[in-house]
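The values are calculated or read from the model by the stated rules, or taken from the named source; none is laboratory data. It should be emphasised that the depicted structure is a prediction, and the values quoted were computed from it without experimental measurement. Note that we place each Cβ from the backbone using ideal geometry, even for glycine, and neighbour counts take in every protein chain shown. What goes into the accessible areas is simple: the full protein's heavy atoms, side chains included, and nothing from ligands, DNA or RNA. Shrake-Rupley method; radii C 1.70, N 1.55, O 1.52, S 1.80 Å.
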Amino acid sequence: MIGTLLATAALVAAAVPAATARTSGSDPALAAPSANAPYLNPRLPVAARVHDLLGRMTLQEKVGQMTQAERSSMATDPTQITDLDLGSLLSGGGSTPTPNTPVAWADMVDGFQAQAMSTRLRIPILYGIDSVHGDNNLVGATIFPQNIAMGATRDPKLVEQEEHITATETRASGPQWVFAACDCVVRDDRWGRTYESYGEDPKLVEEMETGIDGFQGTSVKDLASPDHVLATSKHFAGDGDTSYGSSTNGTYTLDQGIDIVDWKHFKDIDLAPYVTAVQQHHVGSIMPSYSSVDWTEDGVGNPVKMSANKQLLTNVLKEKIGFKGFLISDWQAIEQLPGDYATQVRTAVNAGLDMFMEPNSAPKFEQTLIGEVQDGQVATSRIDDAVSRILTAKFELGLFEHPYTNRTNIGTIGSPAHRAVARQAVAESQVLLKNADHTLPLKPSQRVYVAGANADDIGNQAGGWTVSWQGSSGDTIPGTTILQGIRQDDPDVTYSADASQPTGGYDVGVVVVGETPYAEGVGDVGNGSNTLNLSAADQANIDTVCGAMKCVVLDVAGRPQIITGDLPKIDSYVMSWLPGSEGEGVADTLFGKHAYTGKLPVSWPRSEAQEPINIGDKDYDPLFPFGYGLTDRH
Ligand code: GLC
C-alpha cells in the first residue's frame, strides 16, 4: 500500500504545474539558467530576451515582477525580496535611509538589488521614487521650482534641462525610475496638487512634456546611461478635473474625486497630454489616478475608478493610443475599488494595470493574484502581457548588465552647475502682475524693508514633496532663501518677519506672503483651514508696510491667492510660486539682473467662489487671465 502511495505521490509531484512549484531541484526547467541563456545576451533584441525569460518563469516569479513594496517593509528583512521574487521597491515621500546622503541611498538600493540578484533568474529590481521637483527626498539635491512655476516659464528646453539634471542626481543615488512628471491639467486651483501641474491648458502641459525627454533621453539606448531614468506620466487621467466636494476619500474635497464630464471634454482636456506623452515622448510608465470619471452623457451617475477602468486603461490607452510601457498603480489605489481584496486585485489586473504599488502587503498581493490565476479569474495571457512590459523596461534600462548603481555622477548632486540651472528656472518663472510707477526693478542704493515669514524660510519656498511627503517649514535643505538672495544684492536691508520693526525712512518695502507646505488632498481648500485667502499675518504685513512706503508683494505659494481687495494698496505684485532651493533667483528679477518674463499658467480668480475658472469658460472674468504677465523692461 505504502509503495502505491509513494508512487502516486511522485506522479502527482511531477504533474504539479511549474506554476506552483518553486525552485525545486526535481524539474530541470527550474534550475538556474546557464550563462549563455538568450535573455542574458545583451546583443539580442529586447523582445527576444523578454520572450526567452518569460518562457522560463514560474507563475510566482511572474507575479513577483508585478509586485512593488515600500522599502520600509523590506528594510527589516531584505531576504523577503528573494523569497517573493519581488520585482520593484519604492521610497514613498520621506522614506529615506539614515543618514540621508547620496552614498547611503546608493548603498541602500544596491543592498536590495543584491537580494534580487540572488534569485534563480537574477531579475533585477526597479526602484521608484517621486523626484517631482528634483531628487527631492535626498537632502542636498538640487530642488527645482514646482511644476506650476515651470509652466510659468513657458520654456520647454529649460524643463528638459531640469529633468535631465533630476535624472542624473536620482540615478547616481540609486533609483532608476521616477514617478514624474505629473501631466495633470489643473482645472480647480483649490486642489492640493495644483502646484504639481504645469497649468490649466492641456496644450501648455503637452509643451512641458519635454521633461520626459530630459528624464529618459530621446532614444531607447539613452535609458541605460547613468544620467537617465524611466519616467512616469501621472495620474491618468483627469486627476485635476474633479468636481469640488466629490471626493469620497476622507476629508478631501477635490483630490481623488470624480470627474463629472462628457467624453469630448475628457478627451480634449484630460486625455490629450497622455497622447503626446506616449506617441511623441514614449513615456515608459503611466500611473492611473485615484480619481473616477462619470460620463454624464449616459446620466446614470456611475463613477468608475481609473484603476478599474478597462475601457480607458486597455481599450483607449494601450490599444488605441498605443502605450507600450507599463501601468503602475498608485499607493494602495486598488484597495479603493469595490469588493474584497481578491475582487480588487482581479478587477485591476483585468482592467490593464501591470504593476501594483502595494507598499506593505506584497506577500498578500502575490498570493491573491496567484490564486486568481489558478482559479481562472485572470488569464495567463494578461499576466504575460504585464510581465513582458515590465521586463522590457528593465532590459532597456540596462539593469541585467548593470544592476548596481553607477556612481559616476554622484559628485554632481547639488553642484553649483545644477543649482545655476535651478536659479535660472526660478527667475524665468516669476510672473509680474502689477508694476505701478515702475517700482520694479529695485536699485541696490534704495533703503529696503523686508517683511513676511516666507521671505526667509527655505522649507516654505520649496513646498510639499521636499525631504518629506508633506514638506515642512524651516531650514530643511541647503540652498538660499529669498531674503539671502536679496541681501546678496543689498546687504543693508532691514528684515522684520512680522513688520514689528519701525517702518520710517525706507524707500520701498518687500512683503513676502503665501502658503506653508502641503501635499495632495491635505492641501485641498475646504480641508481644515486651507483657503486661497491671505493669512491674517500676511494681511497685517501688507497693511503695515504698504501703509508706510512704496511696496512690492511677493507671493510664495502653490496657487493663486485672493488679492483683489489688497491690490490697490500694493505698487508691484509678483507671483513667485514655490521656487525650491535657489531663492536667490527671486532676487535676480527683483533687482533687474533678469527681466520679468513669466506668464500665468492658470487663471487668477477674483474670489475663491470663482473657482474653477479656466481659459475658454463662458463669461470668463478672472482678476488676471491665463497667459498674463508684465515685463519690467521698456
Ligand atoms: C502618492 C501619489 C503619487 C505618488 C505615489 C508614491 O499617493 O498620489 O503621485 O507617486 O503615492 O509616492
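Overview of results
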item	result
Long-range HN-HN contacts of Gly140 with modeled amide H, under 5 Å	none
Separation of the Arg407 and Thr76 label points, Cα + 7 Å toward Cβ, nm	2.9 nm
Cβ crowding within 10 Å averaged over residues, with 539-545, 380-386, 491-497 ranked highest first	539-545, 380-386, 491-497
Inter-centroid distance (Cα atoms) of segment 84-160 relative to segment 491-518, Å	37 Å
Extension reserve of the Asp384-Arg43 stretch, reckoned as 0.36 nm per residue once the Cα distance is removed	120.5 nm
Solvent-accessible surface (1.4 angstrom probe) belonging to Cys546, in square angstrom, nearest 10	20 Å²
DSSP bridge pairs, segment 236-354: antiparallel proportion in percent, nearest 5	20 percent
Long-range lysine pairs (8 or more apart or interchain), segment 417-610, Cα under 20 Å	8
Vicinal HN-Hα couplings computed from phi for segment 599-606 (Karplus, 6.51 cos²θ - 1.76 cosθ + 1.60; Hz; Gly/Pro x)	10, 4, x, 9, 5, 9, x, 6
Simple label model, 7 Å out from Cα along Cβ direction - Asp268 to Asp543, nm	4.5 nm
Sites Lys310 and Gln374 - FRET efficiency at Förster radius 25 Å, r taken between beta-carbons, to 0.05	0.70
For peptides 524-534, 282-292, 558-568, 322-332, sequence by mean Cβ density within 10 Å, most packed first	282-292, 322-332, 558-568, 524-534
Two-decimal ratio, segment 505-553, of alpha-carbon radius of gyration to 2.2 N^0.38 Å	1.45
Residues in segment 439-456 that a label on Thr494 would reach, taking backbone N under 14 Å of a point 7 Å out along Cα→Cβ	447-452
Rounded D (µm²/s) - segment 104-250, Kirkwood Rh over Cα pairs, Stokes-Einstein at 10 °C, 1.306 mPa s	98 µm²/s
FRET E, pair Asn36, Tyr628, Förster distance 60 Å, beta-carbon r, rounded to 0.05	0.40
FRET E, pair Gln484, Ala536, Förster distance 35 Å, beta-carbon r, rounded to 0.05	0.85
Qualifying lysines (Cα of each under 29 Å from Cα of Lys394; at least 8 residues distant if same chain)	Lys62, Lys157, Lys221, Lys234, Lys305, Lys310, Lys318, Lys320, Lys324, Lys364
Within the chain, longest stretch clear of exposed GluC sites (Glu not before Pro) (DSSP loop, no more than 15 other Cβ within 10 Å)	1-296
Directionally averaged projected area (convex hull, Cα atoms, the chain), nm²	30.0 nm²
Farthest positive-ward along the chain dipole, Cα basis, beta-carbon charges - from His235, Val602, Ser473	His235
Top positive-direction residue, dipole computed over the chain with Cβ charges, set Ile613, Asn315, Met117	Met117
Straight-distance crosslink candidates among aspartates and glutamates, where the alpha carbon sits under 12 Å from Lys264 and sequence neighbours closer than 8 are dropped	Glu297
Quarter of Cα convex hull surface for segment 417-610, i.e. mean projection, nm²	10.6 nm²
